[in-house]
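Shown next, in structure tokens, is the structure this report addresses.
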Ligand SMILES: [Fe+2]
Ligand SMILES: [Fe+2]
């Protein structure tokens, strides 16, 4: 585990002496999820390659194409179990989870309009994603849909924690407004990382195999359209060439590459005793959270995390 991730103590118990790899960890009872309205405006002069290089910028752009419809699916999959949640604390967390994901969907829809204004075929990609998700919801049980959300939430929280723990590397050269945008989304993913998990365990019956198969299916399935979407955007930009792809391979698979660095945290999901709160939260997430609480401003909260 990254040394800069601190452990929460409240509500966390560590487990079995007989099976030390099986832990019994729960969401802290006093953990709060804060509804924060999205207030982002994507200025037309925001650089097209806002990370200072082509691949990393377009990879984040391609990834977020799926967010508006993905977030709607996450919300629905949790809502399907709303009547079965008896814990009032979890009920409140679900309410705020739904608010946060709704705001993420709204903000990323706005960003998709910004991408469209750059001449990218955003509508085609979004329609394909929407079609795939609608089909998935049609053919899957509510439990499988929730397990997919649990797996996706683990991916977004792992990415968020990685971003806050390695902010000298991830988004290090990003345009400040884009960095603030992703830190806001990343922070809320960390903050609500266990909500879908707790609903899955408490209201849907839980189960190791359904959730692990969901992640094993979702992760490679997501990487294919992500890679193709990134390359399609680079092609539209006139930047699809060997030099940029080599740089992209480093961004993903190099020593500090996103894929390499997040994989160990992602694989933690396969431990039978896994719980999202076993990693606590990064110190800088706390810094961001209190700065946002004081200012109600994502730009100022982001700046407060810069040392
Ligand atoms: Fe989200
Ligand atoms: Fe989320």
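The values are calculated or read from the model by the stated rules, or taken from the named source; none is laboratory data. It should be emphasised that the depicted structure is a prediction, and the values quoted were computed from it without experimental measurement. Cβ: placed from backbone, ideal geometry, glycine included. Neighbour counts: every protein chain shown.
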Scanning region 253-287 residue by residue, those in contact with a strand residue (DSSP E or B) (Cβ under 7 Å, 6 or more places away or on another chain) and modelled with pLDDT of 90 or more turn out to be 275, 277, 278, 282, 283
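Collect the residues in region 187-196 that are in contact (Cβ under 8 Å) with a residue 40 or more places away in the chain and in a helix (DSSP H, G or I), keeping them in residue-number order. Please lay out each step first, then the result.
Of all residues in region 187-196, those in contact (Cβ under 8 Å) with a residue 40 or more places away in the chain come to 187-188, 190-196.
Within region 187-196, 187, 188, 190, 191, 195, 196 meet the criteria.
Yes/no matrix, rows are residues, columns are (1) buried (at least 18 other Cβ atoms within 10 Å of the Cβ); (2) more than 24 Å from residue 176 (Cβ to Cβ); (3) without any contact (Cβ under 8 Å) to a residue 40 or more places away in the chain:
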| position | (1), (2), (3) |
| --- | --- |
| 53 | no, no, no |
| 56 | yes, no, no |
| 76 | no, yes, no |
| 79 | no, yes, yes |
| 95 | no, yes, yes |
The correct count of residues that are assigned to a helix (DSSP H, G or I) and either within 16 Å of ligand 1 (Cβ to nearest atom) or more than 23 Å from residue 43 (Cβ to Cβ) (or both) in region 156-177 is 10
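In this structure, is residue 133 away from ligand 1 (no atom under 16 Å from the Cβ), within 30 Å of residue 180 (Cβ to Cβ), modelled with pLDDT of 95 or more and surrounded by 15 or more Cβ atoms within 10 Å (Cβ to Cβ)?
It is false that residue 133 is away from ligand 1 (no atom under 16 Å from the Cβ), within 30 Å of residue 180 (Cβ to Cβ), modelled with pLDDT of 95 or more and surrounded by 15 or more Cβ atoms within 10 Å (Cβ to Cβ).
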query = Is it the case that some residue within region 101-122 is in contact with a helix residue (DSSP H, G or I) (Cβ under 7 Å, 6 or more places away or on another chain), away from ligand 2 (no atom under 14 Å from the Cβ) and within 26 Å of residue 268 (Cβ to Cβ)?
reply = no
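Among the listed residues 106, 138, identify the single one that is without any contact (Cβ under 8 Å) to a residue 24 or more places away in the chain and surrounded by fewer than 23 Cβ atoms within 10 Å (Cβ to Cβ).
Values: 106 fails: without any contact (Cβ under 8 Å) to a residue 24 or more places away in the chain.
Matching residue, one of 106, 138: 138.
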Practice item. Could you tell me whether any residue of region 197-212 is modelled with pLDDT of 95 or more and more than 29 Å from residue 92 (Cα to Cα)? Key: no
